[in-house]
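> Sharing a structure here in structure tokens format.
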Amino acid sequence: MQKQLSTSLQLEHCPYCAIARPQLARITERENNRRGGHRRWGVYECLGCGGLIVAAARAGDPAHGIIECYPDVPHDLPDTIPTRPREYLRQARDLLAQPAGSVMLSASAVDAMLEEKGLKDGRVYERIHDAVAQHLISEDMAQWAHQVTLDPNDPRYVDGRASMPSLEDAQRCLGFALTLADVLFVLPGRVTRGIAESEPRP
């Protein structure tokens, strides 16, 4: 999707709530010519979460093509994450505006990642502690897991009096799942690539 500076900003995802194809309305604009160059700036508000985004185009550019955007938009998930958990993570991110569905998808991503590491028996929290015992993750990661809702049988789900997951709940679950993906797959992949690239050439 080509990003242009206009009355609305077209992004694939909101950098705050990560909702897909957000409605981003311009609330103000300004042009300046400083050390960074002659630029036209626009400030946009996500009509979903209220987050503000600042974008700039070169002044005088008839295409109004965006050259800077803050904060940056979410990028594609690394290929070092196996296909199944990566797709769960992508869907969980895209469905943050529907927190209950996003939480379940984040939980499915965690489940799939543990299975990729051979941890297939028991409930998800039991397998997370198995991952600690195998030194795949830290004790702190296990503690974090217990503070977010990752198991459909968790009392926070099955208690009919409990409130539905909020956007904050969904963001916390996705944050844990993305960090777990970094620890289990992204960082080891980066280390492997770094070793390969730094080997002495014959």
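The values are calculated or read from the model by the stated rules, or taken from the named source; none is laboratory data. The shown structure was predicted, so the numbers you read here are calculated from the model rather than taken from an experiment. In this analysis, Cβ positions are derived from the backbone assuming ideal geometry, glycine residues included, and neighbour counts consider all displayed protein chains. SASA here: full protein model, heavy atoms, side chains in, ligands and nucleic acids out. Shrake-Rupley method; radii C 1.70, N 1.55, O 1.52, S 1.80 Å.
> Does G65 satisfy the condition of being at pLDDT 90 or above, surrounded by fewer than 20 Cβ atoms within 10 Å (Cβ to Cβ) and on the phi < 0 side of the Ramachandran plot? Write out each step before concluding.
On the way: at pLDDT 90 or above: no; surrounded by fewer than 20 Cβ atoms within 10 Å (Cβ to Cβ): yes; on the phi < 0 side of the Ramachandran plot: yes.
The answer is no for G65.
> Filter region 145-185 down to the residues that are modelled with pLDDT under 85, part of a loop (DSSP other than H, G, I, E, B) and aliphatic (A, V, I, L, M), then identify the one that is most open to solvent (accessible area, probe 1.4 Å).
M164
> Still on this structure, please answer the following. Only one of (1) open to solvent by 20 Å² or more (accessible area, probe 1.4 Å); (2) farther than 28 Å from V186 by Cα fails for L9. Which number is that?
The single condition L9 does not satisfy is (1).
> Has region 44-51 got any residue that is open to solvent by 60 Å² or more (accessible area, probe 1.4 Å), under 29 Å from D169 (Cβ atoms) and assigned to a strand (DSSP E or B)? Before you say what the answer is, go through the steps one by one.
Here is the first cut: in region 44-51, the ones open to solvent by 60 Å² or more (accessible area, probe 1.4 Å) are 45, 47-48.
Checking which are under 29 Å from D169 (Cβ atoms) leaves us with 45, 47-48.
Applying the additional criterion that residues be assigned to a strand (DSSP E or B) yields 45.
Yes, region 44-51 contains a residue that is open to solvent by 60 Å² or more (accessible area, probe 1.4 Å), under 29 Å from D169 (Cβ atoms) and assigned to a strand (DSSP E or B).
> To continue, here is another question. Hey, among the residues in region 69-84 that are at pLDDT 90 or above and among the charged types (D, E, K, R), which one's most open to solvent (accessible area, probe 1.4 Å)?
So the residue we want is D79.
> Which residues, counting only those in region 6-39, are assigned to a strand (DSSP E or B) and modelled with pLDDT under 85? Steps first, please.
Let us first name the residues in region 6-39 that are assigned to a strand (DSSP E or B), namely 8, 13, 20, 24-34, 37-39.
H13, A20, listed by residue number.
> Further, regarding this structure: Report yes if A57 is buried (at least 20 other Cβ atoms within 10 Å of the Cβ), in contact with a strand residue (DSSP E or B) (Cβ under 6 Å, 6 or more places away or on another chain) and touching a residue at least 40 places away in the same chain (Cβ under 8 Å), otherwise no. Full working, then the answer.
On the way: buried (at least 20 other Cβ atoms within 10 Å of the Cβ): yes; in contact with a strand residue (DSSP E or B) (Cβ under 6 Å, 6 or more places away or on another chain): yes; touching a residue at least 40 places away in the same chain (Cβ under 8 Å): yes.
When the stated conditions are applied, A57 passes them.
> Check L105, L96, L114, L89 and return the single one that is under 30 Å from L136 (Cα atoms), in contact (Cβ under 8 Å) with a residue 40 or more places away in the chain and either part of a helix (DSSP H, G or I) or open to solvent by 30 Å² or more (accessible area, probe 1.4 Å) (or both).
Values: L105 fails: in contact (Cβ under 8 Å) with a residue 40 or more places away in the chain; L96 fails: either part of a helix (DSSP H, G or I) or open to solvent by 30 Å² or more (accessible area, probe 1.4 Å) (or both); L114 fails: in contact (Cβ under 8 Å) with a residue 40 or more places away in the chain.
Step by step, each of L105, L96, L114, L89 is checked, and only L89 is under 30 Å from L136 (Cα atoms), in contact (Cβ under 8 Å) with a residue 40 or more places away in the chain and either part of a helix (DSSP H, G or I) or open to solvent by 30 Å² or more (accessible area, probe 1.4 Å) (or both).
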